[in-house]
Amino acid sequence: MYLAPDAEEEEIASAAAQFLAEAMPISRLHATTGAAVIADMDKALRQALGGMGWFALAVPEEDGGSGLSAVEHALFFREVGRQCGPLDVLAQCLAANLFAEAAQRRAVIAGEHGVALLVPDGSGFRLIGSPAAELALHVTSEAAGIYPLDGLRSENRPALDPANSLRVAEALPAPLASLSGTRIWQLGQLGVAAMLVGIAEAALDLIVEYAKVRETFGRKIGAWQAVRHPCADMAVRAEAARAQLWYAAAALKEGRADAAAHLDAAKHLANLAAHGNADTAIQLHGGIGVTDEHDCHLLLKHAMLLARVFGSRRDLLGRLLHARLDD
Amino acid sequence: MDLHFSEADVEFRARAREWLKANVPAETRPARGPESARFDRAWQRKLYDHGWAGVAWPKEYGGMGLSGLQQVIWYEEMARAHAPHHINTTYIGLMHAGPTVIARGTEEQKAFHLPRILSGEAIWCQGFSEPNAGSDLAALRTRGVVDGDHIVVTGAKMWTTDAQHADYQELLIRTDPGSERHKGLTWLICDMKLPGIEVRPIRTMLQDEHVNMVFYDEVRIPVADVVGEIGGGWSTAMATLSFERGLGFIGDQLELYERVGRAIDLAGRTRLEDGRLAIEDDGIAQRLASIKADTMAIRAMTLADIAETDRTGIPGPKGSMMKLLVTATHKALSEVVSDILGWDFLEFDGDRSAHPWTYEYLWSWVFSISGGTSEIQREITADRVLGLPKGR
Ligand SMILES: Cc1cc2nc3c(=O)[nH]c(=O)nc-3n(C[C@H](O)[C@H](O)[C@H](O)COP(=O)(O)OP(=O)(O)OC[C@H]3O[C@@H](n4cnc5c(N)ncnc54)[C@H](O)[C@@H]3O)c2cc1C
């Protein structure tokens, strides 16, 4: 029993952090002119990620992946979350785990084909991700399918979260590939929970750093208890969500019977931590917190998007209530 | 990262479960009075006789020397078996005084006190807080004057839990009359039967009298009963508190996990005023599930903490964050049960066994005030975990 990243796992996490800070920094999301930008993942970024093997961490080696586990998957997506990485990264990664056919799988792993995420909304669908994506992934807790986007009619919508384009579509074409079972859903839940934990941590880091330098009434704001105490509460939320994330990742890696319940709990706690911490970070920054040039609002908006995929609050809590847990 | 229990751990769990199943007393703990302390002593004696006493104590001092993980297993099995709550009159001896004597005591002190604590023969209480020194412990004024081989103590302590039952007290006093704050303090073993000690109960909102004021009128305590150095009491006291901030609340942490399951069962058989089962109410169901997630995280944090302590060799400053989360979750659980039970929640006579949920609700303030208030835990987190500039 060891519920923390070990030395090798830490190494992967820091390699991911370093790579993402260069290839996909959160600063890419700031609008430079009047109109809002949507900084979707373009082909060059996709191929850069693919070239490093990041889409295939949890894909077996014989299938062209790294042969690592859910744990490394979680560590990677926590870093993606810190940079408000687009959902495409996760969709791409899940598609790499879904495709059974070698050529299709290779093209996704290498980032040659892009994958967006489809989620049902009423009678139609929401399509989240780059308009350049050729494929779309739809995942439920029982099955997952991949759809071609070339013939699909979709309509663009203005997106609150600049990390992803948002479109609506009426009907789906026939799937290119599908896979029944819970694996893709569970990797998706874990990935989103990890991104949300990354957001919760990033929000905490931002305010802690600012509270050490900003002065009011002759003191650093970090010396005022009305600032210190909500920061401590943010730390508790992030800590709880992170510990549960580790537990869920290890449970999934080990194929434990109660992994689904631990994933639901991890997603729920990560939702609360990311949203709560982004909210508090904006408030404790004062005026600068509501400006576009600041990262706080990016964290909030991305958390709002991520909260709605791979289990909304209602679904998660509904399942969790009677879930049985092992020792 | 892995969740495997070793074979030895699995075997330990099975052994603990079996023993507890056969040995947890059938009768409930008397709510108050000397009978309650008698009950605690008897249970501790039973644990001792069967080799289950002092789970965190080193083996050389008669403890079990369990690893952090095995302590988790032990408390989980205690909660599962509905064993007597480990925060009872034996708590201070086992979780505070014993470990302090082990870390800082003389060989004579160890030889005399440790077996008595382990076997339930000696009950201890903690005399740190005073009427004007709680959060700000270093403001304490109870004074001791060295007179030959004795220290003569005069003053008052407040909030001393179980002083009326205690044989000994960990007593923190000021022995250097001109000293300020953290200097000039001394940590003493005080025999509660010494002349000049008066214990006066304080009745609490739980309808009980488990906390007290203790007055000292020229009480003569042998210098041989100083733990650590005369004047070095602050350092000894910080050692005492570090045991509590480490795994001191581990039992409560893990018990919550068990109790939320009981609350869900309760909601599944209790009808609301409108005739529906409580669990059919969306609001109640969602709050219960959310609290269940919190208790899962608390367990995960406990396990993560152990991994970190294993790696660094010292418990980190995260105990404060744990206490914040555990006390908030404890209160949230009590509040949702209040909504489940409706009017029944308002029936209370101070008996924890008869009215466990209402008792726990009232206890939630004791939990978030004693052992360092939530505000102080936030201060500690801000200072030591986040490194924010000091406000004080
Ligand atoms: C039921 C019970 C049992 C106890 N048992 C024992 C015992 O056995 N032995 C023992 O020694 N003590 C015991 N205590 C004492 C306990 O440790 C203190 O009550 C506690 O530390 C708070 O101190 P205080 O009551 O003096 O409150 P104060 O320190 O006066 O605090 C009043 C309020 O101010 C807040 N506050 C204080 N300082 C700060 C600050 N710097 N920043 C922000 N907020 C602040 C506090 O959080 C609190 O809300 C017990 C207390 C209770 C209620």
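The values are calculated or read from the model by the stated rules, or taken from the named source; none is laboratory data. Remember, it's a predicted structure, so these values are computed and weren't measured experimentally. Cβ sites come from the backbone with ideal geometry, for glycine too, and all protein chains shown count toward neighbours.
Restricting A:10, A:62 to those that are within 14 Å of chain B (Cβ to nearest Cβ) and of a type in the set (Asp, Glu) reduces the list to A:10. Residues in region B:295-330 that are over 21 Å from the mean Cα position of the chain (by Cα) and either β-branched (Val, Ile, Thr) or more than 7 Å from every other protein chain (Cβ to nearest Cβ) (or both) were compared, and the one that is farthest from residue A:268 (Cα to Cα) is B:313.
Just one of (1) more than 9 Å from every other protein chain (Cβ to nearest Cβ); (2) of a type outside the set (Val, Ile, Thr); (3) under 26 Å from the mean Cα position of the chain (by Cα) fails for residue B:280. It is (3). Inspect region B:18-37 for any residue being among the hydroxyl-bearing types (Ser, Thr, Tyr), surrounded by fewer than 16 Cβ atoms within 10 Å (Cβ to Cβ) and either within 14 Å of chain A (Cβ to nearest Cβ) or at negative phi (or both) and give the result as yes or no. Yes, the conditions are met somewhere in region B:18-37.
Within region A:40-63, being more than 18 Å from residue A:22 (Cβ to Cβ), in contact with a Cys (Cβ under 8 Å, 6 or more places away or on another chain) and in a helix (DSSP H, G or I) holds for one residue alone: A:56. Restricted to region B:303-392, the set of helices (runs of 4 or more DSSP H) holding at least 3 residues that are within 16 Å of the ligand (Cβ to nearest atom), more than 22 Å from residue B:208 (Cβ to Cβ) and basic (Lys, Arg) is empty. Would you confirm, using the coordinates I've provided, whether residue A:31 is under 17 Å from the mean Cα position of the chain (by Cα) and either part of a helix (DSSP H, G or I) or not assigned by TED's automatic domain parsing to the domain that holds residue A:245 (or both)? No: the conditions fail for residue A:31.
Criterion first (touching a helix residue (DSSP H, G or I) at 6+ places or on another chain (Cβ under 7 Å) and touching a residue at least 40 places away in the same chain (Cβ under 8 Å)) does residue B:286 satisfy it? The answer is no for residue B:286.
For residue B:256, the criteria (1) more than 11 Å from every other protein chain (Cβ to nearest Cβ); (2) more than 30 Å from residue B:137 (Cβ to Cβ); (3) buried (at least 20 other Cβ atoms within 10 Å of the Cβ); (4) in contact (Cβ under 8 Å) with a residue 12 or more places away in the chain hold in every case but one, which is (2).
Could you look through region A:148-165, keep only residues that are buried (at least 17 other Cβ atoms within 10 Å of the Cβ) and within 21 Å of the chain's Cα centre (by Cα), and pick out the one that is farthest from residue A:296 (Cα to Cα)?
In this case the residue turns out to be A:165.
One residue alone among B:47, B:69 is out of contact with any Ser or Thr (no Cβ under 6 Å at 6 or more places or on another chain) and over 30 Å from residue A:74 (Cβ atoms), and that residue is B:47. Of everything listed in (1) surrounded by fewer than 22 Cβ atoms within 10 Å (Cβ to Cβ); (2) more than 29 Å from residue B:188 (Cβ to Cβ); (3) aliphatic (A, V, I, L, M), the single unmet condition for residue B:72 is (1). As for region A:239-257, it holds at least one residue that is touching a Ser or Thr at 6+ places or on another chain (Cβ under 7 Å) and more than 16 Å from the ligand (Cβ to nearest atom).
Restricting to region B:292-317, what's the tally of residues that are within 19 Å of residue B:75 (Cβ to Cβ) and either surrounded by 22 or more Cβ atoms within 10 Å (Cβ to Cβ) or not charged (D, E, K, R) (or both)? Here the count works out to 16. Restricting to region A:308-327, name every residue that is closer than 26 Å to residue A:164 by Cβ, within 14 Å of another protein chain (Cβ to nearest Cβ) and surrounded by 21 or more Cβ atoms within 10 Å (Cβ to Cβ). Result: A:311, A:316, A:317.
Within region A:242-282, being in contact (Cβ under 8 Å) with a residue 24 or more places away in the chain and either more than 25 Å from residue B:4 (Cβ to Cβ) or among the hydroxyl-bearing types (Ser, Thr, Tyr) (or both) holds for A:247, A:268, A:271, A:272, A:273, A:274, A:275, A:276, A:277, A:278, A:280, A:281. Residue check: residue B:77 meets all listed conditions (1) under 27 Å from residue B:296 (Cβ atoms); (2) within 16 Å of the ligand (Cβ to nearest atom) but one, namely (2). Testing residue B:391 on (1) in contact (Cβ under 8 Å) with a residue 40 or more places away in the chain; (2) within 14 Å of chain A (Cβ to nearest Cβ); (3) more than 28 Å from residue A:321 (Cα to Cα), one condition comes back false. Which one is that? Of everything listed in (1) in contact (Cβ under 8 Å) with a residue 40 or more places away in the chain; (2) within 14 Å of chain A (Cβ to nearest Cβ); (3) more than 28 Å from residue A:321 (Cα to Cα), residue B:391 misses just condition (1).
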